[in-house]
Amino acid sequence: MATIITISRANGRVQFAPAEATIPVNSSIVFANADTQAQHLPTLSGQGPNFWFTHPLAAAMPGRPNDTSDEVFFNAAGKVSYYCAIAGHTGEGGTITIQ
């Protein structure tokens with residue numbers, strides 16, 4: 001089962017929860033957009049905006065399930081950082097440790 005990273009907004013800033021996720025090798029993550037104000041496009045730091053996904057996650061709408069991404073699989077140990085390519089704020093992102 002994939003680890004879910006939820007995107008939300010607090011005090012005008014985009015937040016990813018958990019901001020620091022740890023997952024085992026050969027597992028995956030999924031992003032869920034709970035932000036009602038904006039769409040988001042999580043991407044690997046240092047890569048182009050469509051590195052993981054070809055389209056952004058739609059803004060959340062009351063009464064509807066949050067838009068979720070496809071799974072991103074990790075098959076080697078390491079640590080990666082990511083952010084929203086639409087917002088462009090590398091400080092508004094997180095890290096995934098694969099062990």
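The values are calculated or read from the model by the stated rules, or taken from the named source; none is laboratory data. Every value quoted in this text rests on a predicted model; they were computed, and no experiment measured them. Reconstructed Cβ throughout: ideal geometry from the backbone, glycine too, with neighbour counts over all protein chains shown.
In the range 38-64, which residues are of a type in the set (Ser, Thr, Tyr) and either more than 15 Å from residue 95 (Cα to Cα) or exposed (fewer than 12 other Cβ atoms within 10 Å of the Cβ) (or both)?
Step one: of the range 38-64, the residues of a type in the set (Ser, Thr, Tyr) are 43, 45, 54.
Matches in the range 38-64: 54 only.
Counting only residues that are over 18 Å from residue 19 (Cβ atoms) and within 14 Å of the chain's Cα centre (by Cα), which one in the range 70-85 is surrounded by the fewest Cβ atoms within 10 Å (Cβ to Cβ)? Explain how you work it out, then say what you get.
Let us first name the residues in the range 70-85 that are over 18 Å from residue 19 (Cβ atoms), namely 70-71, 73, 75-77.
With the extra rule that they be within 14 Å of the chain's Cα centre (by Cα), the set shrinks to 70-71, 73.
Numbers: 70: 12, 71: 14, 73: 10.
Residue satisfying both the conditions and the ranking: 73.
Given 38, 21, 76, 32, which one is at pLDDT 95 or above and in a loop (DSSP other than H, G, I, E, B)? Spell out the reasoning first.
Details: 38 fails: at pLDDT 95 or above; 21 fails: in a loop (DSSP other than H, G, I, E, B); 32 fails: in a loop (DSSP other than H, G, I, E, B).
Matching residue, one of 38, 21, 76, 32: 76.
Can you tell me how many residues in the range 1-42 are among the polar types (S, T, N, Q) and at positive phi? Talk me through it step by step, then tell me what you get.
As a first pass, look at the range 1-42 and keep what is among the polar types (S, T, N, Q): 3, 6, 8, 11, 15, 22, 26-28, 33, 36-37, 39.
Imposing the further condition that a residue be at positive phi reduces the set to 11, 26.
Residues meeting the conditions: 2.
Six or more apart or on different chains, Cβ under 9 Å: which pairs go from a residue in the range 37-59 that's more than 10 Å from residue 69 (Cα to Cα) to one that's among the aromatic types (Phe, Trp, Tyr) and part of a loop (DSSP other than H, G, I, E, B)? Could you list them?
43/51; 43/52; 43/53; 44/51; 44/52
How many residues are touching a residue at least 40 places away in the same chain (Cβ under 8 Å) and in a strand (DSSP E or B) when one looks only at the range 5-18? Walk me through it before giving the result.
Here is the first cut: in the range 5-18, the ones touching a residue at least 40 places away in the same chain (Cβ under 8 Å) are 5-7, 13-16, 18.
Filter once more, so that each one left must be in a strand (DSSP E or B): 5-7, 13-16.
Of the residues in that region, 7 qualify.
From the list 67, 35, which one is surrounded by 12 or more Cβ atoms within 10 Å (Cβ to Cβ) and touching a Ser or Thr at 6+ places or on another chain (Cβ under 6 Å)?
Numbers: 67 fails: touching a Ser or Thr at 6+ places or on another chain (Cβ under 6 Å).
35 is the lone residue from the list that is surrounded by 12 or more Cβ atoms within 10 Å (Cβ to Cβ) and touching a Ser or Thr at 6+ places or on another chain (Cβ under 6 Å).
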